[in-house]
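Novice: Sharing a structure, written as structure tokens. Questions coming.
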Amino acid sequence: MCGIVGAVAQRNVSQILLEGLSKLEYRGYDSAGICCIDNNQLHCIKSTGKVKNLKEAVKEKSCPGFTGIAHTRWATHGIPSETNAHPHICDNLALVHNGIIENFATLKERLIAEGYNFKSQTDTEVLVCLIHSHLKKASNLLEAFLQALHEVKGSFGLALIDKNDPSTLYAARSGSPLIIGLGIGENFIASDSLALLPVTRRFIYLEENEIAVLTTENVKVYNLDGKKIEKSEIESDLDAESISKGPYRHFMQKEIYEQPQSLQNTLLGRLDKDDISLETVVGIDDSSFKDIDAIQIVACGTSYHAGLVGKYWLEELTNIPTNVEIASEYRYRKAVVRNNSLFITISQSGETADTLASLRLAKQQNYKKSLCICNVNGSSLVRESDYTLFTKAGAEIGVASTKAFTTQLLSILLLALLIGKQKGAISQAQNHEILESIRKLPALTQEFLACDKELATLSEQFSGKHHCLFLGRGVMYPIALEGALKLKEISYIHAEGYAAGELKHGPIALIDKEMPVVVVAPDNSLIDKLISNVEEVRARGALLYVFTTKDTQFKADDQTKRVNLPACPEILQPILFTIPLQLLSYHCAVINGTDVDQPRNLAKSVTVE
Ligand code: F6R
């Protein structure tokens, strides 16, 4: 949450900062601000709303300077307003902050007593004043910065400038991601490398509790005790092209359409005849999973839904008892950890605060190993887990997760096969059959996308609806949950997913003629059970939208609309049936006129708990 960009260069940096902010807008978009140093003066411009408002304000007022910081905000303390927008200034210092300072109230009281005045309601203004207060006694700003950071509790990614020292940019990381971009005669910091791709592909990842001091020629990194740390440089394989919308109207639409390719990329180099090549999972060897007797999966949101599907597959293909839990719950309860347990996190960003905190907790518990299924190389989860299985979806910009989810599912399926094989739980024939199906996945995904036009038309019947139910059974139940999440988050239609067999235990009371019910109904081993459940709903007058394959027994009538999808292997159904649900949400959102890529109140990377 919140995006930070900073630069120290030998040219005006405001355009670099603003372009960087646009790429980070997925992290928060309720207000934005920029501050550059010119002639030993701080020039600060802020605006509410999106980065485009800030761009207009900068065009009008101009913001010169070779050193600067900028921020796009997702409010935590105080309403979205110009006053609360970052950067926050205290005399000669300007600071931008991603995260939460938990003890800000106590610090604020002390600073008020020292004579500081506060204009905003933010914790960030408290922090910049705290640094300023230390600077009065410290020998330099680095020392004051370190002293202040020793006093704060909470999480932060920070960028700090001082008008009295325009050639230096300071940054610090604890709990919120921050990377350094290396240029020639210029250096940068940002919350995500995506922001800096137009200026560099060379990066240094800051670790927890590290401080960086950047000048045009140098980058020095220290720990919180002021001890210098040697860091290595990483060259990114992303390019600026991969983060443009191309011919698509929205990033979400582009990302839905990229799925044949992203799933292909997930498989690339990983299938070798009837084997899954072991390098797929960074860190493992032939026997890493042989002794695993239990699996705990932890994730949030859409990634949690991927974990729920994973439970069905892992138990079926490995015989290992598997538990799945929402990270924000896991981290605050006493979990009983069985001997020889594997701890799996799933995350697109690799920076989700609750998932990361759960991993850190798990490392103090009795787990044998930790594995993360993640889309972002160099992210915190990747760096802190024993093994990593990269989903290889490519950069996902739309706030609603689409290609990240389907590649997570494919990755879990590969992992289940790999573990199943190491445990001797899966026959050669079954392994062969599943791998043959998996090879067809990218082409089948393309076929499923062909329902787009039909769904665009169908979505018109949803506009104006306020509620919707999604039903599924077995492994399609988490897909119903994901369909409901996608619809509510981007179209703002209230939607809930239910296991179809559970409906009669309460939710059936909601059914009437105004309630559309989407049934996720591929032809599989539970189809007869599902048909009976759907009859109960039809008898109560619901409007049914049945997403199914050609040969199932659902009748189309005034009350029931069939969406016929291509036949596909049962093991791939959770992945493939996700696609029409994504398209349904997308078109409903477009019809409802919502901000598809940046829905209200959301941020893509949730780095606060
Ligand atoms: C929904 C969505 C979120 C994320 C969740 C976890 O479309 O994107 O629910 O799935 O915030 O994020 P990651 O996967 O980055 O840990």
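The values are calculated or read from the model by the stated rules, or taken from the named source; none is laboratory data. Values in this document were obtained by computation on a predicted structure and should not be read as measured data. Cβ atoms come from the backbone with ideal geometry, glycine included; neighbour counts cover every protein chain shown. Each accessible area value is taken on the protein alone, full model and side chains, heavy atoms only, with ligands, DNA and RNA left out. Shrake-Rupley method; radii C 1.70, N 1.55, O 1.52, S 1.80 Å.
Novice: Got the relative contact order for the stretch 450-592 handy, in percent, Cα pairs under 8 Å and 6 or more residues apart?
Specialist: Relative contact order of the stretch 450-592: 31 percent.
Novice: Run the numbers for Lys119 and Asn92: contour at 0.36 nm per residue of separation, minus the present Cα-Cα distance, in nm.
Specialist: Between Lys119 and Asn92, full extension yields an extra 8.1 nm.
Novice: Another question, then. Check the straight Cα-Cα distances from Lys137 and name the lysines below 29 Å, setting aside those fewer than 8 residues away within the same chain.
Specialist: Partners within reach: Lys108, Lys119, Lys153, Lys163, Lys220, Lys227, Lys228.
Novice: Enumerate the calculated ³J(HN,Hα) couplings along the stretch 519-534 in order (Karplus 6.51 cos²θ - 1.76 cosθ + 1.60, θ = phi - 60°), each rounded to whole Hz, writing x wherever the residue is Gly or Pro.
Specialist: Rounded to whole hertz, the list is 10, 8, 9, x, 6, 8, 5, 9, 4, 5, 5, 5, 4, 4, 4, 5.
Novice: Taking a label point 7 Å from the Cα of Glu514 along the Cα→Cβ vector, which residues of the stretch 456-474 have an amide N closer than 13 Å to it?
Specialist: Flagged as within label range: 464-468.
Novice: What is the dipole size for the stretch 245-439, taken about its Cα centre, with +1 at each Lys and Arg Cβ and -1 at each Asp and Glu Cβ, in debye to the nearest 20?
Specialist: Dipole of the stretch 245-439, to the nearest 20 debye: 460 debye.
Novice: Considering only Ala240, Leu415, Pro260, whose Cα is most displaced toward the positive end of the charge dipole of the chain, charges sitting on Cβ of Lys, Arg (+1) and Asp, Glu (-1)?
Specialist: Final value for the positive-end residue is Ala240.
Novice: Charges at C-beta only: +1 for Lys and Arg, -1 for Asp and Glu. How large is the resulting dipole of the chain about its Cα centre, in Debye rounded to 20?
Specialist: Here the chain has a charge dipole of around 580 debye.
Novice: If R0 is 41 Å, what FRET efficiency do you get for Ala429 and Gln559 from their C-beta distance, rounded to 0.05?
Specialist: FRET efficiency, Ala429 to Gln559: 0.45.
Novice: Another question about this same structure. Heavy atoms only, probe 1.4 angstrom, no DNA, RNA or ligands counted: give me Trp313, Trp74 ranked by accessible area, highest first.
Specialist: So the residues, ranked largest to smallest area, are Trp74, Trp313.
Novice: In nm, to one decimal, how far is the modelled label at Glu316 from the one at Glu460, with both set 7 Å along Cα→Cβ?
Specialist: Taking the simple label geometry, Glu316 and Glu460 are separated by 3.8 nm.
Novice: According to a simple spin-label model (label point 7 Å from Cα along Cα-to-Cβ), what is the distance in nm between Gln364 and Glu447?
Specialist: According to this spin-label approximation, the distance is 5.1 nm.
Novice: Nothing charged except the Cβ atoms of Lys and Arg (+1) and of Asp and Glu (-1): what's the magnitude of the dipole of the stretch 31-105 about its Cα centre? Round to the nearest 20 debye. Walk me through the intermediate numbers first.
Specialist: On the way: 7 positive and 6 negative charges, 67 e Å.
Taking the Cα centre of the stretch 31-105 as origin, the dipole is about 320 debye.
Novice: Farthest toward the dipole's positive end in the stretch 54-173, which of His134, Tyr170, Ser62, given Cβ charges of +1 (Lys, Arg) and -1 (Asp, Glu) about the Cα centre?
Specialist: With unit charges placed on the Cβ atoms, the residue in question is Ser62.
Novice: Given a Förster distance of 30 Å, report the FRET efficiency between Lys61 and Lys245 from their Cβ-Cβ distance, rounded to the nearest 0.05.
Specialist: 0.55
Novice: Mind checking which of Cys451, Gly394, Asn431 is farthest towards the positive end of the stretch 378-515's charge dipole, using Cβ charges of +1 (Lys, Arg) and -1 (Asp, Glu) about the Cα centre?
Specialist: Towards the positive end, the residue furthest out is Asn431.
Novice: For Asp285 and Ala138, compute 0.36 nm times the residue count separating them, minus their Cα-Cα distance, and round to one decimal in nm. Working shown, then result.
Specialist: On the way: separation 147, 0.36 × 147 = 52.92 nm, distance 5.10 nm.
Working it through step by step, the gained length comes to 47.8 nm.
Novice: Suppose accessible area is computed on protein heavy atoms with a 1.4 Å probe; arrange Glu258, Glu233, Glu217 from highest to lowest.
Specialist: The ranking, largest first, comes out as Glu217, Glu233, Glu258.
Novice: Going by the alpha-carbon gyration tensor, a ≥ b ≥ c the square roots of its eigenvalues, is the stretch 486-609 rounded (a/c under 1.5) or, if a/c is not under 1.5, prolate (a/b greater than b/c) versus oblate?
Specialist: In terms of gyration-tensor shape, prolate.
Novice: Using protein chains only and a probe of 1.4 angstrom, how many square angstrom of Ile326 are accessible, to the nearest 10?
Specialist: Approximately 70 Å² for this residue.
Novice: Sticking with this one: Which length gain, in nm to one decimal place, applies between Glu102 and Asp225 when the Cα-Cα distance is subtracted from 0.36 nm times their residue separation?
Specialist: Length gained, Glu102 through Asp225: 42.1 nm.
Novice: So if we plug the beta-carbon distance of His494 and Lys529 into 1/(1 + (r/R0)^6) with R0 = 45 Å, what FRET efficiency do we get, rounded to 0.05?
Specialist: So the FRET efficiency works out to roughly 0.95.
Novice: Can you tell me what the convex hull of the Cα atoms of the chain projects to on average, as an area in nm²? Please list the in-between numbers first.
Specialist: Details: hull surface 110.8 nm².
Mean orientational projected area (the chain, Cα hull): 27.7 nm².
Novice: Taking Cα pairs under 8 Å and at least six residues apart, what relative contact order does the chain come out at, in percent?
Specialist: On the way: 1376 pairs, mean separation 71.7, N = 609.
Across the chain, relative contact order equals 12 percent.
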